[in-house]
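Computed from the coordinates by the stated procedures, all read-outs in this text should not be read as laboratory data. Computed from a predicted structure; not experimentally measured. Note that we place each Cβ from the backbone using ideal geometry, even for glycine, and neighbour counts take in every protein chain shown.
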């Protein structure tokens, strides 16, 4: 089966280099690595080092000044499918794959008896653990801590109907499943909601989530805020869109945290969330804290 790894990137050149080093160390290398640069002219220079498979470069312009995450992933998938990919592996640019990740996902898709969303565990590296060279480090020595709200099977796989656990940090699908689901909904512009929407649509299409051992990835540290106030506007807009599509709000943890910080409010009559004041990029509102990994919680994630 022809396998493609798809990565979207904006301003994370060193993280991309480390990911490509991890892909070069795979026990089963991908046939393609599709890198989608979201208005990032420096991203392709980060691909000049070791990597796995044929490199495919795709440019994706910004959407009204915001990162077009859903559209960029779809563009990467389209490029992979155009080149005959049967297995699509989506890997966040912050993630360094374990040595067996690509092979595990490929075997999982090859052996599936039905359409499935295949997910691997992600372990979060501390700032110190993320002090790695661009290449040459031993990926087998990466540890990190697992996400507390995600399954972590020690052997084989674990199926779940909890579609809200789906995330796009690391997952794989067959080309058939991708076409059936229609990819990410590009009406979700910017940050938040697109993962939960795809997870719900998969659930409604009777496509379960299957969590695998042996397909782990290590998430490189980057500064973050909790809740992510820098994405306030897009999270509120995407939460309202999700409500229009599905009848309820996602990302409730973030929405409630924004409300507690005086940044947003819910109008019970209109059943809409609105922002209350502008958030400056380099400032934190009262009640908003600095995060350590950039991870998304199960209750809050998009």
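Here is how the numbers come out for the structure above:
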{"read-out": "Radius, Kirkwood style, for region 1-153 when every pair of distinct Cα atoms is counted (Å)", "value": "15.9 Å"}
{"read-out": "Relative contact order for region 96-238, counting Cα pairs under 8 Å that sit 6 or more residues apart, in percent", "value": "43 percent"}
{"read-out": "Cα centroid of region 50-82 to Cα centroid of region 162-220, whole Å", "value": "16 Å"}
{"read-out": "Choice from 269, 56, 207 with maximal GNM fluctuation in the chain (Cα, 10 Å cutoff)", "value": "269"}
{"read-out": "Segment residue 205-residue 186, length gained on full extension (0.36 nm per residue, minus Cα span)", "value": "4.9 nm"}
{"read-out": "Acute angle (nearest 10 degrees) that the helix 194-204 long axis makes with the longest principal axis of the chain, alpha-carbon atoms", "value": "80 degrees"}
{"read-out": "Label-point separation, residue 135 to residue 152 (7 Å along Cα→Cβ), nm", "value": "3.2 nm"}
{"read-out": "Full-extension gain in nm, residue 82 to residue 176, via 0.36 nm per residue minus C-alpha separation", "value": "32.5 nm"}
{"read-out": "Degrees separating the helix 69-82 axis from the principal Cα axis of the chain, which is the longest one", "value": "30 degrees"}
{"read-out": "Three-way shape call for region 95-236 based on the alpha-carbon gyration tensor, with the a/c threshold at 1.5", "value": "oblate"}
{"read-out": "Cα gyration tensor category, rounded, prolate or oblate, for region 1-89 with a/c compared to 1.5", "value": "oblate"}
{"read-out": "Normalised contact order of the chain, rounded percent, pairs of Cα under 8 Å and 6 or more residues apart", "value": "19 percent"}
{"read-out": "Residues residue 110 and residue 160, FRET efficiency given R0 of 22 Å [Cβ-Cβ distance, rounded to 0.05]", "value": "0.55"}
{"read-out": "Residues 180, 20, 210 arranged by fewest to most Cβ contacts within 10 Å", "value": "180, 210, 20"}
{"read-out": "Fewest-first ranking of 177, 225, 274, using other Cβ atoms within 10 Å as the exposure measure", "value": "274, 225, 177"}
{"read-out": "Mean ellipticity per residue at 222 nm, deg cm²/dmol - from DSSP H runs of n ≥ 4 across the chain, formula -39500 (n - 2.57)", "value": "-8000 deg cm²/dmol"}
